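Scroll down for the structure; my scribbles are underneath it.
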Amino acid sequence: MVVTTIQVITTDTPSPSFAIPTWKLHKADWAAFSHQAALELCTDKICSAEDPIQQFTDFLMKIANNSIPKSKPNTKKHNTIWCNEDCKSAIKTRNKALKRVQKHPTQQNIENYRVIRAKTRRVIKTSKRHSWQTYISKINSRTSIKSGQWFVKLQENHLPAILNT
């Protein structure tokens, strides 16, 4: 009888997939990459190693890190207090319709996407307006200035559109 123990490591907050840096291949210095690869990737160095595959991988990663830049990890998550379940479902529906148009660009799919896109815009705009009105209605004479600055800063790009409607 063989007993196998599996240790599961969990964290309270999963690492987001958008935080992983990616290679910027369009900004790579391919001449430097080729030059370093010709110098470093010799069969003598790789074949004489204990694990040639790992040695090759290490050399290649070192060369790539020196000559190909990576994107910066985007760890900021924007707080959209106006985004509720209606917004999320409307955006999800819009994205599904967009994928359908990209796969099968028929006239009916295109028209359906335009209608769904307009409805999504309307839902988002209504949600932003409602969020702003709710916040404004909570302000009174005892509200500190500092407590309201974060909301105004968050909404400053969208404020003219909300007030004009």
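A compact table of results
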{"quantity": "Subset of segment 105-129 (residues that are in a loop (DSSP other than H, G, I, E, B) and in contact (Cβ under 8 Å) with a residue 40 or more places away in the chain)", "calculated": "none"}
{"quantity": "Lone qualifier among 137, 141 - being hydroxyl-bearing (Ser, Thr, Tyr), at pLDDT 80 or above and over 15 Å from residue 81 (Cα atoms)", "calculated": "137"}
{"quantity": "Checking residue 82 against (1) farther than 29 Å from residue 26 by Cα; (2) in contact with a Leu (Cβ under 8 Å, 6 or more places away or on another chain); (3) of a type outside the set (D, E, K, R), the condition it does not meet", "calculated": "(2)"}
{"quantity": "Residue within segment 71-86 that is out of contact with any Pro (no Cβ under 8 Å at 6 or more places or on another chain), assigned to a helix (DSSP H, G or I) and modelled with pLDDT of 80 or more present", "calculated": "yes"}
{"quantity": "Check on residue 38, at pLDDT 80 or above and surrounded by fewer than 11 Cβ atoms within 10 Å (Cβ to Cβ)", "calculated": "yes"}
{"quantity": "Selection within segment 77-118 - among the aromatic types (Phe, Trp, Tyr) and more than 30 Å from residue 134 (Cα to Cα)", "calculated": "113"}
{"quantity": "From 144, 71, 137, 48, residue being in contact with a Ser or Thr (Cβ under 9 Å, 6 or more places away or on another chain) and loosely packed, with under 12 Cβ neighbours inside 10 Å", "calculated": "71"}
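The values are calculated or read from the model by the stated rules, or taken from the named source; none is laboratory data. These numbers come from a predicted model, not from an experiment. Heads up, the Cβs are rebuilt from the backbone with ideal geometry, glycines too, and the neighbour counts pull from every protein chain shown.
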